[in-house]
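Colleague: Handing you this structure, nothing more for now.
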Amino acid sequence: MYKTIIRPILFLFSPEVVHNLVVKAIKIGFFIPGVRNLVQHVFTCRNSLLERNVFGIRFSNPIGLAAGFDKNAESYKNLSAFGFSFIEIGTVTPKPQPGNPRPRSFRLKKDLALINRMGFNNMGVLYVKEMLKKSRGNVIIGGNIGKNTDTPNHLAIDDYIMCFKELYQVVDYLVVNVSCPNITDLKELQDKEKLGEILHELTSLRKKEAIYKPILLKVSPDLTNLQLAEAVETARRAGLDGFVATNTTTSREGLVTDNLKLNAIGNGGLSGLPLRERSTEIIKLIHQQTNGSMPIIGSGGIMKPEDALEKIDAGASLVQLYTGFIYEGPGLAKRICKKILMNQG
């Protein structure tokens with residue numbers, strides 16, 4: 001029903017308009033008594049065999065929603081009803097910022113992909129912190145943190161420190177995002193010296209906290225294998241707990257969409273099916289380099305249950321959806337869980 005009726009109607013509108021409409025529709029619908037419970041019943045797969053203990057946290061299943069969908073931590077409780085055991089909010093910056101000019105999100109329907117150049121649009125860390133203080137049920141929350149666009153790179157560490165301090169008490173884990181292609185010069189922070197400085201500072205701050213919470217690094221699929229190895233080693237030396245692999249890509253290689261349309265769209269990070277192979281390759285490389293000692297959240301190109309299993313087989317402990325959730329609909333998390341159970345059985 002979703003792919004034959006609902007999706008064609010939604011795809012008549014721009015991705016950002018649809019996103020806002022869907023979030024509002026879910027919020028309004030869940031005010032009706034019994035609707036939330038019905039949605040949870042339809043879209044959630046409950047089985048103790050799906051439980052995972054990763055980073056010292058117990059996940060009811062290994063499926064999460066990637067950062068970017070709930071930027072301001074306004075919808076995580078509602079979204080968890082669609083079968084996700086964890087929601088990653090953000091990317092969050094110290095100050096509110098509008099992001100890049102619209103249009104800034106585009107569908108490549110022939111490729112089952114999206115291109116976005118949102119630019120870390122969010123309401124700022126203090127707003128997000130207040131949203132996360134509300135009752136959230138059993139959903140696990142990850143906090144994806146970044147720098148403001150107008151913050152020069154030599155001061156970026158201060159932005160990460162502020163977000164870390166403000167969110168530490170209200171999230172279950174944190175993700176350091178230095179790999180988004182839509183923030184000017186952000187990728188320069190992936191240099192091992194600059195990256196090492198940020199990560200060492202954050203792990204030092206964690207030592208002052210009463211409760212230990214995991215810190216992860218989100219890596220770019222556009223790193224060379226040598227650059228990836230350096231980033232992994234830098235994270236290991238800093239005392240990080242794991243990785244999110246991967247962010248979106250600037251590559252347009254192998255796309256079916258014609259160049260005329262791609263040129264009209266312009267810059268942005270590509271997500272969806274074309275990212276699947278490189279994302280899985282990076283998971284394998286990290287898993288091999290760390291001998292499986294640092295857990296990985298696999299993200300990128302998961303469009304069907306087999307894609308999720310591919311990432312788990314490559315070394316991912318958990319997986320995240322985003323573009324697949326948009327193209328395949330709200331039942332994808334449950335279908336993945338059922339496939340996992342079939343394989344375990």
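The values are calculated or read from the model by the stated rules, or taken from the named source; none is laboratory data. Fair warning: this is a prediction, and the values are worked out from it, not measured in the lab. All Cβ positions, glycine included, derive from the backbone under ideal geometry; neighbour counts span all protein chains shown.
Colleague: Return a yes/no flag: does segment 124-132 have any residue that is out of contact with any strand residue (DSSP E or B) (no Cβ under 9 Å at 6 or more places or on another chain), without any contact (Cβ under 8 Å) to a residue 12 or more places away in the chain and more than 23 Å from F55 (Cα to Cα).
Modeller: Within segment 124-132 (the criterion being out of contact with any strand residue (DSSP E or B) (no Cβ under 9 Å at 6 or more places or on another chain), without any contact (Cβ under 8 Å) to a residue 12 or more places away in the chain and more than 23 Å from F55 (Cα to Cα)), the answer is yes, since at least one residue qualifies.
Colleague: Still on this model: If I ask for residues that are under 14 Å from L50 (Cα atoms) and either touching a His at 6+ places or on another chain (Cβ under 7 Å) or not in a helix (DSSP H, G or I) (or both), which ones from segment 328-345 would you list? Walk me through how you get there before you give the answer.
Modeller: Keep residues of segment 328-345 that are under 14 Å from L50 (Cα atoms), which gives 333-345.
The one that is under 14 Å from L50 (Cα atoms) and either touching a His at 6+ places or on another chain (Cβ under 7 Å) or not in a helix (DSSP H, G or I) (or both): G345.
Colleague: Got a number for residues in segment 177-205 being at pLDDT 90 or above, more than 22 Å from the chain's Cα centre (by Cα) and not small (G, A, S)?
Modeller: 4
Colleague: Same structure again: Report, by residue number, each residue of segment 281-294 that is surrounded by fewer than 22 Cβ atoms within 10 Å (Cβ to Cβ) and either in contact with a strand residue (DSSP E or B) (Cβ under 6 Å, 6 or more places away or on another chain) or in contact (Cβ under 8 Å) with a residue 60 or more places away in the chain (or both).
Modeller: Within segment 281-294, L285, Q289, M294 meet the criteria.
Colleague: For the list (1) more than 14 Å from K71 (Cα to Cα); (2) surrounded by fewer than 19 Cβ atoms within 10 Å (Cβ to Cβ); (3) hydroxyl-bearing (S, T, Y), I need the number of the one condition that Y127 fails.
Modeller: (1)
Colleague: Sticking with this one: Within the group G298, G315, which residue is surrounded by 24 or more Cβ atoms within 10 Å (Cβ to Cβ), of a type outside the set (A, V, I, L, M, F, W, C) and over 21 Å from R107 (Cα atoms)?
Modeller: Numbers: G315 fails: surrounded by 24 or more Cβ atoms within 10 Å (Cβ to Cβ).
The match here is G298.
Colleague: I've got another one for you. Among the residues that make up segment 262-280, is at least one of them more than 20 Å from A333 (Cα to Cα), in contact (Cβ under 8 Å) with a residue 40 or more places away in the chain and of a type in the set (S, T, Y)?
Modeller: No, segment 262-280 contains no residue that is more than 20 Å from A333 (Cα to Cα), in contact (Cβ under 8 Å) with a residue 40 or more places away in the chain and of a type in the set (S, T, Y).
Colleague: Could you go through segment 45-55 and let me know if any residue there is outside any strand (DSSP E or B), touching a helix residue (DSSP H, G or I) at 6+ places or on another chain (Cβ under 6 Å), aromatic (F, W, Y) and under 23 Å from A67 (Cβ atoms).
Modeller: no
Colleague: I would also like to ask the following. What residue, among those in segment 323-338 that are over 18 Å from the mean Cα position of the chain (by Cα) and under 12 Å from Y2 (Cβ atoms), is surrounded by the most Cβ atoms within 10 Å (Cβ to Cβ)?
Modeller: Restricting to residues being over 18 Å from the mean Cα position of the chain (by Cα) and under 12 Å from Y2 (Cβ atoms), the top hit is R335.
Colleague: Oh, and also: Take segment 73-94 and flag every residue that is farther than 16 Å from N177 by Cα and in a loop (DSSP other than H, G, I, E, B).
Modeller: Quick first cut of segment 73-94, residues farther than 16 Å from N177 by Cα only: 73-86.
Across segment 73-94, the qualifying residues are A73, E74, S75, G83, F84, S85.
Colleague: Please list, ordered by first then second residue, the pairs with beta carbon atoms under 7 Å, 6 or more apart or interchain, first in segment 142-166 and farther than 14 Å from T203 by Cα and in contact (Cβ under 8 Å) with a residue 12 or more places away in the chain, second of a type in the set (F, W, Y) and part of a helix (DSSP H, G or I).
Modeller: From residues that are farther than 14 Å from T203 by Cα and in contact (Cβ under 8 Å) with a residue 12 or more places away in the chain, the pairs are I145/Y160; I145/F164; K147/Y160.
Colleague: I would also like to ask the following. State which residue is nearest to T248 (Cα to Cα) when the search covers only segment 295-327 and only residues that are part of a helix (DSSP H, G or I) and touching a residue at least 40 places away in the same chain (Cβ under 8 Å).
Modeller: As a first pass, look at segment 295-327 and keep what is part of a helix (DSSP H, G or I): 305-314, 323-327.
When the remaining residues are screened for being touching a residue at least 40 places away in the same chain (Cβ under 8 Å), the result is 308, 312, 323-327.
Details: A308: 17, I312: 19, T323: 11, G324: 13, F325: 16, I326: 16, Y327: 16 Å.
Checked segment 295-327; the qualifying residue nearest to T248 (Cα to Cα) is T323.
Colleague: Could you go through segment 190-205 and let me know if any residue there is in contact with a helix residue (DSSP H, G or I) (Cβ under 7 Å, 6 or more places away or on another chain), part of a loop (DSSP other than H, G, I, E, B) and surrounded by 23 or more Cβ atoms within 10 Å (Cβ to Cβ).
Modeller: no
Colleague: Please determine whether any residue of segment 65-75 is among the hydroxyl-bearing types (S, T, Y) and crowded, with 17+ Cβ neighbours inside 10 Å.
Modeller: Checking segment 65-75: at least one residue is among the hydroxyl-bearing types (S, T, Y) and crowded, with 17+ Cβ neighbours inside 10 Å.
Colleague: Also, quick follow-up: Condition check: of a type outside the set (F, W, Y) and within 22 Å of Y168 (Cβ to Cβ). Does I87 satisfy that? Give the derivation first.
Modeller: On the way: of a type outside the set (F, W, Y): yes; within 22 Å of Y168 (Cβ to Cβ): yes.
So I87 passes the test.
Colleague: Listed residues G266, G254; which is under 29 Å from S317 (Cβ atoms), loosely packed, with under 13 Cβ neighbours inside 10 Å and either at pLDDT below 95 or of a type in the set (G, A, S) (or both)?
Modeller: Working: G266 fails: under 29 Å from S317 (Cβ atoms).
Only one candidate passes the filter, namely G254.
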